[in-house]
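Presented below is the structure to which this report refers.
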Amino acid sequence: GIAPDMRGYGGTSSPEHFANYSCHTLAADMMSLLQHIGASSAMLVGHDHGAATGWTLSLLHPSVFTCYFAMSVPYNARRADGLPPIEMFRSNFGDEREPDSDPGFFYMLHHQLPEAAQQYGDATRAALRMMYGDMTSEGTKPPQITSDRMYVDGVARGMWERGPSPGKLQPWISEEELEYVIGEFEENGWNGGLNWYRVMDINYH
């Protein structure tokens, strides 16, 4: 099996502009990878954002990706009367680009903000420990922020400040493994990963 670092992560290139992360660009990455290893087809597995990408890859190249297994994200067909994802989120929570309108917090809208990558970068360890932590473990501390608004004291605050600070990691990840992940993000930054969220409306259209 092959588990590639996707565009924007790990050892793979991380273009700055979000438009370089469209579903068509990611499909080209995967097609090039298969060509490089000499494979004409592949069974595909995707999780979370990768699951949504996998659905698109399977639709764009059904003769190449002949079997697909999606984890966490089911197929979400575009509806004629539906809004693009980011536009829909803004209709539900408010516009994160307008602090004076007091928008509600939703992490995918926080990810749209230009300052989000630096905020994650300044809190890499805390953010990743929250994501991989066991919220029920002994020593878990309550959230720093309980407000449901995007801006607190004039600053857009990230999800790692809004969730508990776990006392221990989940049993399926070790401290050594977490340190490796932290090192990857400290080396490469967060902008590439956040660009996967910023391109959602481009993919919709």
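The values are calculated or read from the model by the stated rules, or taken from the named source; none is laboratory data. Not measured: the values here are computed from a predicted model. Backbone-built Cβ (ideal geometry, glycine too); neighbour counts: all protein chains shown. Note: areas computed on protein heavy atoms with side chains; ligands, DNA, RNA excluded. Shrake-Rupley method; radii C 1.70, N 1.55, O 1.52, S 1.80 Å.
Using beta carbons and a limit of 7 Å, which pairs, at least six apart or on different chains, have the first residue in segment 100-120 and of a type in the set (D, E) and the second one open to solvent by 60 Å² or more (accessible area, probe 1.4 Å) and not in a helix (DSSP H, G or I)?
D102/R149
Scan (1) surrounded by 14 or more Cβ atoms within 10 Å (Cβ to Cβ); (2) modelled with pLDDT of 95 or more; (3) small (G, A, S) for the single condition A51 breaks and write down its number.
The one condition A51 does not meet is (2).
Per-residue answers, yes or no, for (1) open to solvent by 40 Å² or more (accessible area, probe 1.4 Å); (2) not acidic (D, E):
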{"residue": "D95", "(1), (2)": "no, no"}
{"residue": "G104", "(1), (2)": "no, yes"}
{"residue": "Q112", "(1), (2)": "no, yes"}
{"residue": "D134", "(1), (2)": "no, no"}
{"residue": "S137", "(1), (2)": "no, yes"}
{"residue": "D153", "(1), (2)": "yes, no"}
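Consider segment 114-132. How many of its residues are open to solvent by 80 Å² or more (accessible area, probe 1.4 Å) and small (G, A, S)?
Counting residues in segment 114-132 that are open to solvent by 80 Å² or more (accessible area, probe 1.4 Å) and small (G, A, S) gives 0.
How many residues are crowded, with 17+ Cβ neighbours inside 10 Å and under 19 Å from W196 (Cα atoms) if we restrict to segment 30-42?
So the answer is 1.
Which condition number in (1) part of a loop (DSSP other than H, G, I, E, B); (2) without any contact (Cβ under 8 Å) to a residue 24 or more places away in the chain; (3) under 22 Å from G192 (Cα atoms); (4) not charged (D, E, K, R) is the one that G10 fails?
Here G10 clears every test but (2).
Going by what's in this entry, would R79 be described as among the basic types (K, R) and closer than 23 Å to A52 by Cβ? Outline the logic, then answer.
Numbers: among the basic types (K, R): yes; closer than 23 Å to A52 by Cβ: yes.
Against the criterion (among the basic types (K, R) and closer than 23 Å to A52 by Cβ), R79 qualifies.
R149 fails exactly one of the following numbered conditions: (1) open to solvent by 40 Å² or more (accessible area, probe 1.4 Å); (2) touching a helix residue (DSSP H, G or I) at 6+ places or on another chain (Cβ under 9 Å). What is the number of that condition?
Exception for R149: condition (2).
When you go through (1) in a loop (DSSP other than H, G, I, E, B); (2) open to solvent by 60 Å² or more (accessible area, probe 1.4 Å); (3) of a type outside the set (V, I, T) one by one for E179, which number turns out not to apply?
Unmet condition: (1).
Which ones in segment 13-23 are in a loop (DSSP other than H, G, I, E, B) and aromatic (F, W, Y)?
Within segment 13-23, the first condition is being in a loop (DSSP other than H, G, I, E, B), and the residues that meet it are 13-17, 22.
Of everything in segment 13-23, nothing turns out to be in a loop (DSSP other than H, G, I, E, B) and aromatic (F, W, Y).
Take the residues of segment 187-205 that are closer than 15 Å to D5 by Cβ and surrounded by fewer than 20 Cβ atoms within 10 Å (Cβ to Cβ): which is farthest from the chain's Cα centre (by Cα)?
That would be E187.
Answer yes or no: is there a residue in segment 163-175 that is hydrophobic (A, V, I, L, M, F, W, C), touching a Leu at 6+ places or on another chain (Cβ under 7 Å), surrounded by 16 or more Cβ atoms within 10 Å (Cβ to Cβ) and over 30 Å from A27 (Cβ atoms). Walk me through how you get there before you give the answer.
So the first thing to find is which residues in segment 163-175 are hydrophobic (A, V, I, L, M, F, W, C), and the list is 169, 172-173.
Now narrow it down to the ones that are touching a Leu at 6+ places or on another chain (Cβ under 7 Å): 169.
Those still in the list that are surrounded by 16 or more Cβ atoms within 10 Å (Cβ to Cβ) too: 169.
Now drop any that are not over 30 Å from A27 (Cβ atoms), which leaves 169.
Yes, there is a match, as at least one residue in segment 163-175 is hydrophobic (A, V, I, L, M, F, W, C), touching a Leu at 6+ places or on another chain (Cβ under 7 Å), surrounded by 16 or more Cβ atoms within 10 Å (Cβ to Cβ) and over 30 Å from A27 (Cβ atoms).
Among T56, T66, which is the only one that is surrounded by 14 or more Cβ atoms within 10 Å (Cβ to Cβ) and either under 26 Å from L194 (Cβ atoms) or at pLDDT 90 or above (or both)? Break it down into steps so the answer makes sense when it comes.
Numbers: T66 fails: surrounded by 14 or more Cβ atoms within 10 Å (Cβ to Cβ).
Selected residue: T56, the only one of T56, T66 that is surrounded by 14 or more Cβ atoms within 10 Å (Cβ to Cβ) and either under 26 Å from L194 (Cβ atoms) or at pLDDT 90 or above (or both).
Checking the structure you have, find out if any residue of segment 43-51 is closer than 27 Å to A156 by Cα, in a helix (DSSP H, G or I), out of contact with any helix residue (DSSP H, G or I) (no Cβ under 9 Å at 6 or more places or on another chain) and aliphatic (A, V, I, L, M).
No, there is no match, as no residue in segment 43-51 is closer than 27 Å to A156 by Cα, in a helix (DSSP H, G or I), out of contact with any helix residue (DSSP H, G or I) (no Cβ under 9 Å at 6 or more places or on another chain) and aliphatic (A, V, I, L, M).
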